[in-house]
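Taken together, the values in this text are just the output of simple stated rules run on the coordinates, not laboratory data. All values derive from a computational prediction rather than experimental measurement. When we count neighbours, we look across all protein chains shown, and the Cβ atoms used for this are built from the backbone with ideal geometry, even at glycine.
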Amino acid sequence: MPIGKAEDALNLALDVSETTREKSSNLGVGYFPATNTWELIVKYSGSLDRIREELNISAVELFDEYAIIIIPENLINTLAQYEEIEFIEKPKRISFEVNQGRTVSCINPVQSGVYNLFGEGVYVGIVDSGIDYS
């Protein structure tokens with residue numbers, strides 16, 4: 001059953017079988033099969049202290065009332081029922097964005113083959129006159 005405060009990708013990941021989740025490059029991100037736990041990003045209001053104590057979970061508070069929570073899969077629905085929790089989402093795989101950025105910036109050709117350039121030993125200096133030419 002879908003969780004109302006959860007993003008669609010998390011609901012889908014919770015609804016599919018573990019085999020399907022393993023085959024997908026995105027659905028299993030944030031899931032730890034050995035312990036059947038999830039690393040989730042939550043938007044909350046107030047304090048997470050009561051939730052930490054009652055559910056016995058790990059929560060790292062970030063800023064602007066966001067936190068990373070590690071929670072057993074069977075407690076995610078319970079977590080969503082707390083009024084302090086506004087939204088729950090699973091982490092995203094960002095390697096695709098990094099690879100696309102490297103390709104667009106033409107980084108790959110200079111770091112492979114004969115060039116093998118990685119920027120080691122390079123100093124970069126920026127000089128700004130402070131004059132606004134606009």
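Where in the range 53-121 are there GluC sites (Glu not before Pro) that are in a DSSP coil and have at most 14 other Cβ atoms within 10 angstrom of their Cβ?
When the GluC sites (Glu not before Pro) of the range 53-121 are filtered for loop state and at most 14 Cβ neighbours within 10 Å, Glu83, Glu120 remain.
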| request: Quick one: work out Rg over Rh on the C-alpha atoms of the range 13-85, Rh as Kirkwood radius. | output: 0.99
| message | Based on Cα coordinates alone, diagonalise the gyration tensor for the range 1-40, multiply each eigenvalue by 5, take square roots, and list the semi-axes in whole Å, largest first. | response | 16, 12, 9
| said: Percent of Cα-Cα pairs more than 11 Å apart in the range 95-134, please. | reply: 74 percent
| message | Could you tell me how far the Cα centroid of the range 78-98 sits from the Cα centroid of the range 1-52, in Å? | response | 7 Å
| request: Measure nothing fancy, just the Cα-based angle from helix 95-104's long axis to the longest principal axis of the chain, in degrees from 0 to 90, nearest 10. | output: 20 degrees
| said: Taking the alpha-carbon distance from Lys23 and a cut-off under 15 Å, which aspartates and glutamates remain once sequence neighbours fewer than 8 residues away in the same chain are dropped? | reply: Asp15
| Can you give the extra length, in nm with one decimal, that the chain gains between Thr103 and Tyr66 once fully stretched, where that is 0.36 nm per residue apart less the Cα-Cα distance? | 10.1 nm
| When the range 67-134 is reduced to its Cα atoms, the Kirkwood hydrodynamic radius in Å | 17.8 Å
| task | Let me know the Rg and Dmax you get for the range 2-134 when you use only its Cα atoms, in Å. | result | 21.3, 61
